[in-house]
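A.B. asks: Okay, handing you the structure first.
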Amino acid sequence: MTEDDQKQAAAKAAVAYIEDGMVLGLGTGSCAAKMVDLLGERVQAGLNVIGIPTSEATAKQATNLGIKIAGFDQVKIIDLTIDGTDEVDPQRRLIKGGGGAHLREKIVASLSDRMIVIAEAKKRVQQLGAFKLPVEVVRFSAPALMPKISALGCTPSLRQDSKDDLFHTDEGNYIIDCDFGAISEPESLALTLSTMPGVVEHGLFIDYADTIIIGTNDGVEIIG
Ligand code: 5RP
């Protein structure tokens, strides 16, 4: 199975958890996009759901597929969120934000009864940190935060977009990608980052994922 096949298998298994009438958090990224495509097929066949997209890109995709979307002025509780990840460890801790959407993703996940994380096999790691941890920061604070974040034991870099301009999130902030190599204490790092003025949100998701669905060469593996 290619990585694309693995993502597709994980997305298909996750969509099977969706029931009529649900309010759904719709993740961002290539794996989540496959899930949204499959959801679109079910909606076109008559399924009635409301989606809360975690990015402008996902909102556009969902709308084009005929999936009803809403904001928190219309819904308060989300039944189920399905999203991708950049890394997942054996404790179901995640690094997210490779697509720059982890702020909205974390808000949506935090308001969800259940979060299912879907990914291809390579995203499963023994220890988080080989993937650079995305930290969304207020633009004003970025130059001051670079040395402070570096002092936590990483090499930080300001994310650029495909045109070599600075990348802006959907909320207009910058992202500092932090190369830790390995993160030995994700909980304490998460707390430290959360309490730094200027940091809007980091990509460590601890105690968010209820179920992990990994696409493998043999099908899917479901954890939790
Ligand atoms: C976006 C994310 C994505 O879920 C994560 O980057 C995984 O994306 P992909 O499925 O394309 O590898 O956190 O902010």
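A.B. asks: Go through (1) touching a Leu at 6+ places or on another chain (Cβ under 7 Å); (2) more than 16 Å from LYS96 (Cα to Cα) for THR169 and report which single condition fails.
C.D. replies: Status for THR169: all satisfied but (2).
A.B. asks: Next question, about the same structure. Give the number of residues within segment 14-37 that are under 18 Å from the mean Cα position of the chain (by Cα) and under 21 Å from ASP218 (Cα atoms).
C.D. replies: Result for segment 14-37: 7.
A.B. asks: Within the set of pairs 6 or more residues apart or between chains, which connect a residue that is hydrophobic (A, V, I, L, M, F, W, C) inside segment 80-108 to a residue that is within 6 Å of the ligand (Cβ to nearest atom) and assigned to a loop (DSSP other than H, G, I, E, B) with Cβ atoms less than 6 Å apart?
C.D. replies: ILE82/GLY27; LEU94/THR85; ILE95/ASP86; ALA101/THR28
A.B. asks: Another question, then. Within segment 100-110, does at least one residue satisfy the condition of being part of a loop (DSSP other than H, G, I, E, B), modelled with pLDDT of 95 or more and surrounded by fewer than 24 Cβ atoms within 10 Å (Cβ to Cβ)?
C.D. replies: No, because not a single residue in segment 100-110 is part of a loop (DSSP other than H, G, I, E, B), modelled with pLDDT of 95 or more and surrounded by fewer than 24 Cβ atoms within 10 Å (Cβ to Cβ).
A.B. asks: Do you know which of the residues in segment 119-135 that are within 13 Å of the ligand (Cβ to nearest atom) and either free of Cβ contacts under 8 Å to residues at least 60 places away in the same chain or in contact with a His (Cβ under 7 Å, 6 or more places away or on another chain) (or both) is nearest to HIS202 (Cα to Cα)?
C.D. replies: VAL135
A.B. asks: Quick one: how many residues across segment 35-60 are more than 14 Å from the ligand (Cβ to nearest atom), of a type in the set (S, T, N, Q) and touching a residue at least 24 places away in the same chain (Cβ under 8 Å)?
C.D. replies: Going through segment 35-60 one residue at a time, the tally reaches 1.
A.B. asks: Those residues that are part of a loop (DSSP other than H, G, I, E, B), surrounded by fewer than 20 Cβ atoms within 10 Å (Cβ to Cβ) and either of a type in the set (Lys, Arg) or at pLDDT below 95 (or both), I need them from segment 113-158; list them, please.
C.D. replies: Scanning segment 113-158 gives no hits.
A.B. asks: If I ask for residues that are of a type in the set (D, E, K, R) and outside any strand (DSSP E or B), which ones from segment 187-224 would you list?
C.D. replies: GLU187, ASP207, ASP210, ASP218
The values are calculated or read from the model by the stated rules, or taken from the named source; none is laboratory data. Nothing here was measured: the structure is a model prediction, and the numbers come from that model. Positions of Cβ are generated from backbone atoms using ideal geometry, with glycine treated the same way; all protein chains shown enter the neighbour counts.
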